[in-house]
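A.B. asks: A single structure is presented below for examination.
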Amino acid sequence: MNSLALINEFLGQPPNASAHGYQIDHILEFCHWFMGALFVGWSTFFIFVLIRFRKRRQPVADHAGVRSPISTHLEFSVVLIEAVLLLGFAIPLWAKRVNQFPPGKEALLVHVVAQQFSFNYHLPGTDGQFGRRDVSFVSNSNPLGLDPNDPAGKDDIVTTGELHVPVNRPVIAELSSKDVIHDYFVPAMRIGGDAIPGSLIPIWFTPLKTGTYEVICAQLCGLGHYGMKGTLVVDTPQDYQAWLKERAELAGGAQPAPSPGAPQQPQPQNKPPAPAASPSPGG
Ligand SMILES: [Cu+2]
């Protein structure tokens, strides 16, 4: 156990797996130790006061109050330490998260679209272009409403529940929602952000370790909120390419269906029709 992360681990925080996560962990760990010291200090002072100023020894109230400047100095030190934490560490770290996004070419951009009760992912495919999306195209087989007439969307990849990303490459996730406010939270990456209908909220992180990590919804979003989980898999670049290829092959066999209002056209099928699989997760 890392002695610098004693309280974090005690409180059940999973090991950090992202580049900026160590800074967040240091602030959390320091805050916890500082709060611990304050708790012990103030508790000791409280017990001392209870005994020192008990009624038997102090039958009449002293209207002059405290004459020693020590309590003022103590209070001032606490404020000073808190100000340094906030202005010196917390705000600069936050500013870096929201102002210094990695350049678009270097980063992997993915659209995360939350819905009750799962996370959908939209990747641009080999052309690097996201296809147009419109709510009028949304159906069970086209959960994100990809426009079937937009050539940029032909190679797009849409998945639900599981996202793969390559290790050591910044990932920018643009969060939005189809229904209510959700929150895309990846504890091991020390990142999270609200997914709000009508808004696009970008967050970014750089995964450092390959592995499988839990994604959870951190906003109480309905009855199935407890089951709104997903998986983030951090792959080696080779595994990531293999996953992309596999998803592209799957997507090639299942183009977005026409919108509900459009006339139904028979689709060419090589296989006999399988029973319709419902994409809606049990929640
Ligand atoms: Cu949710």
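A.B. asks: Output wanted: per-residue J couplings in Hz (rounded whole) for the stretch 45-51, from phi through Karplus 6.51 cos²θ - 1.76 cosθ + 1.60, θ = phi - 60°, x for Gly and Pro.
C.D. replies: Rounded to whole hertz, the list is 4, 4, 5, 4, 5, 4, 7.
A.B. asks: Please list the non-local residues whose amide H lies under 5 Å from the amide H of residue 119, H modeled 1.01 Å from N, same-chain partners needing a gap of 5 or more.
C.D. replies: 161
A.B. asks: Which whole number in µm²/s is D for the stretch 1-155 by Stokes-Einstein, with the Kirkwood Rh taken over Cα pairs at 20 °C and 1.002 mPa s?
C.D. replies: Approximately 98 µm²/s, per Stokes-Einstein.
A.B. asks: Rounded to the nearest 5, what is the percent of antiparallel bridges among the DSSP beta bridges in the stretch 52-177?
C.D. replies: Antiparallel bridges: around 60 percent, rounded to the nearest 5.
A.B. asks: Between the stretch 1-55 and the stretch 130-177, how far is it from one alpha carbon centroid to the other, in angstrom?
C.D. replies: Cα centroid to Cα centroid, the span is 42 Å.
A.B. asks: Go from 0 up to the bin containing the longest alpha carbon distance in the chain, width 10 Å each, and give me the % of pairs per bin.
C.D. replies: Bins of 10 Å from zero give 6, 22, 26, 17, 11, 8, 5, 3, 1, 0 percent of pairs.
A.B. asks: Separate question: At most 15 other Cβ atoms within 10 Å and a DSSP loop assignment: could you name the trypsin sites (Lys or Arg not before Pro) in the stretch 164-254 that fit?
C.D. replies: Passing sites in the stretch 164-254 are 209.
A.B. asks: Using 0.36 nm per residue, how much length does the chain from residue 35 to residue 95 gain when fully extended, once their Cα-Cα distance is taken away?
C.D. replies: 19.2 nm
A.B. asks: Find the all-direction average of the projected area of the Cα convex hull for the stretch 58-104, expressing the result in square nanometres with one decimal place.
C.D. replies: Mean projected area of the Cα convex hull: 5.1 nm².
A.B. asks: For the stretch 85-144, what is Rg from Cα atoms divided by 2.2 N^0.38 Å, rounded to two decimals?
C.D. replies: The value comes to 1.63.
A.B. asks: Considering only DSSP states other than H, G, I, E and B, which GluC sites (Glu not before Pro) in the stretch 91-198 qualify as loop sites with at most 15 other Cβ atoms within 10 Å?
C.D. replies: 106
A.B. asks: Mind checking the dipole of the stretch 96-192: about its Cα centre, +1 per Lys or Arg Cβ, -1 per Asp or Glu Cβ, Debye to the nearest 20?
C.D. replies: 400
A.B. asks: Using the Cβ atoms and a cut-off under 12 Å, what net charge is assigned to the surroundings of residue 244, where Lys and Arg are +1 and Asp and Glu are -1?
C.D. replies: Result for the local shell: -4.
A.B. asks: Find the Cα radius of gyration of the stretch 122-232, compare it with 2.2 N^0.38 Å by division, and give the number to two decimals.
C.D. replies: Output field value: 1.10.
A.B. asks: Here's something else I'd like to know. Skipping prolines and chain starts, which residues have an amide H placed within reach, meaning under 5 Å, of the one on residue 172, given they are 5 or more residues away or on another chain?
C.D. replies: 108, 109, 110
A.B. asks: How large is ³J(HN,Hα), in whole Hz, for each residue of the stretch 70-80 in order, when computed from phi with the Karplus curve 6.51 cos²θ - 1.76 cosθ + 1.60 and θ = phi - 60°, using x for Gly and Pro?
C.D. replies: 4, 5, 4, 4, 4, 4, 5, 4, 4, 4, 4
A.B. asks: Still on this structure, I have one more. If I stretch the segment between residue 250 and residue 162 completely, what's the gain in nm (0.36 nm per residue apart, minus their alpha carbon distance), one decimal?
C.D. replies: 30.2 nm
A.B. asks: Now for a different question. Work out Dmax and Rg for the stretch 12-87 from the C-alpha atoms and quote the Rg first, both in angstrom.
C.D. replies: Just the Cα atoms of the stretch 12-87 yield Rg and Dmax of 19.0, 61 Å.
A.B. asks: While we're here: For residue 9 and residue 71, FRET efficiency with R0 = 35 Å and r from the beta-carbon atoms, rounded to 0.05?
C.D. replies: Rounded to the nearest 0.05, the efficiency is 0.50.
Rule-based calculations on the coordinates, nothing more; no lab input. Quick caveat: nothing in here was measured; it's all calculated off a predicted structure. No Cβ is skipped: glycine too gets one built from the backbone with ideal geometry, and neighbour counts run over all protein chains shown.
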